[in-house]
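For reference, the structure discussed in these notes is given below.
We did not get these values from a lab; they are worked out from the coordinates using the rules stated. Remember, predicted model here, so these are calculated numbers, not experimental data. So basically every Cβ, Gly included, is an ideal-geometry build from the backbone, and we count neighbours across all protein chains shown.
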Amino acid sequence: MKALVVLALVAVAPRAEAKGCHEVSDVVGYHHCTRFANDWSRESDAPRLSVDFGWFYHRFTMLPFALDATRATDSSSDFATTAHGVGVRVLGGIGHVLYTGLELDGGDNDTLPRPVGLQPTDGFYMSPNAVFGAHLFERVRIALSTELAGGVRFDSVYTCAKCQGPVASEWRRQLEARVRVDAFIHPHVSFGFSYGHSLLDAGDQMWMLSIGIHGRTMDGMY
């Protein structure tokens, strides 16, 4: 029996030391942990709530339009568009794996569509979405997640904002499959990168860089 206790202590010790803890008695399971190890503990009563602030870049294609009497479907037109700006996400955990929340992206167009005839000179972009995701795994403070984001996209392009020139606007449904990587530099702070591809439009892609603030260490997940 004594030999079994010794073997158990030897087996547990490496794992305890790796977490910043060490044995303080002959009873297996009684450890003394450093403040660092306690900070990284994911078992707490804090809510699984996180807030992300980031920068996004979205590439998509607007529906055909014209700012004057020219035919919008002329073959020489090009409606490829890109937008960039600020994204904000508020997410809440569901158990140890799933999470959901809301996202709002807003900014300007940096690549404008090129219809035949009168050309737009500026544009405005906004996209509210609901997010549903799952934490897949975590290694060395690097976490991988997959998400599904659905909502709408509003884009408005115009010739002159101050002179109230011609405007073309559209609302489009949006459904994206995303993959996300987060690097935790602190128990409650992470840097994230995500890539999304539309399930509705083949040429619709999104990239986002963000910093996250987490209520519970690593959201208490994985």
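List of remarks:
- Computed on the Cα atoms alone, the convex hull of the stretch 147-213 gives a volume of 125 cubic angstrom per residue.
- Kirkwood hydrodynamic radius (C-alpha pairs) into Stokes-Einstein, the stretch 46-220, 37 °C and 0.692 mPa s, D in µm²/s: 190
- Built amide H within the under 5 Å cut-off of Leu136, gap 5+: Leu144, Ser145, Thr146
- Pairs of alpha carbons in the stretch 114-192 whose separation is greater than 17 Å (percent): 63
- By average C-beta atoms within 10 angstrom, highest first, the peptides 44-52, 125-133: 125-133, 44-52
- In a fully extended conformation the segment linking Val189 and Val140 would gain 16.2 nm over its present Cα-Cα distance, using 0.36 nm per residue.
- Using a Förster distance of 25 Å, the FRET efficiency for Ser44-Gln205 (Cβ separation, nearest 0.05): 0.10
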